[in-house]
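Notes for the one structure printed next.
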Amino acid sequence: MTEVHKNSQCAAFYSLDKPRREAIAMLFEDQLPDELIAKKVNRTRRTLAKWKNDPKFQKGQLAYKYVVIKQDYESDAIKKLSELLEAKSEMVQLQAANSILKLSGMLSDNSTPELDQAKIRKANADARVAEARAKAMEDNGQDMETLLDKMLDTITKEDKKDES
């Protein structure tokens, strides 16, 4: 069983008796069938099933998962995210920064100013590309109507070929 330090985040876990806490830990590790877990905590399989449906037990499970994952994986995840801050892609950098700020509680799951700015820059770039293409077509003496007419003529000719 992973050692979970007592704090307010795991109060729901520590409010349970020792057999329930041990069962939660074994369920989290997911290496034993329920029957063996029940036996190890000196209870029946039916009792374990009742515990699993008990809201207090379920809250204890959530608290245990949160604390264990936070203890065991959070520092590795933060290290990886900080490495991604040096990525070549600006979008990857922004997403890493966004994730770090969310984990620290400084941002909500909603949009961030940095991400919004990146989206705006991308939309503006897409608009400039489309504008440049339209201008290039105009400079070549082609307007959109002429281009569409040519496309429709090509499609019509291909349809007639397919019919004959």
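The values are calculated or read from the model by the stated rules, or taken from the named source; none is laboratory data. Since the structure is predicted, the reported quantities are computational estimates derived from the model, not experimental observations. Backbone-built Cβ (ideal geometry, glycine too); neighbour counts: all protein chains shown.
A few notes on this one:
- On the stretch given as segment 35-46, residues that are among the β-branched types (Val, Ile, Thr) and either surrounded by 13 or more Cβ atoms within 10 Å (Cβ to Cβ) or out of contact with any helix residue (DSSP H, G or I) (no Cβ under 8 Å at 6 or more places or on another chain) (or both) total 2.
Yes or no, residue by residue, for (1) modelled with pLDDT of 95 or more; (2) at positive phi; (3) surrounded by 14 or more Cβ atoms within 10 Å (Cβ to Cβ):
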{"position": "SER8", "(1), (2), (3)": "no, no, no"}
{"position": "ALA12", "(1), (2), (3)": "no, no, yes"}
{"position": "SER15", "(1), (2), (3)": "no, no, no"}
{"position": "ARG21", "(1), (2), (3)": "no, no, yes"}
{"position": "PHE28", "(1), (2), (3)": "no, no, yes"}
{"position": "PRO33", "(1), (2), (3)": "no, no, no"}
{"position": "LYS50", "(1), (2), (3)": "yes, no, no"}
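- Those residues of segment 70-99 which are surrounded by 13 or more Cβ atoms within 10 Å (Cβ to Cβ) and within 30 Å of ALA38 (Cβ to Cβ), in sequence order: LYS70, GLN71
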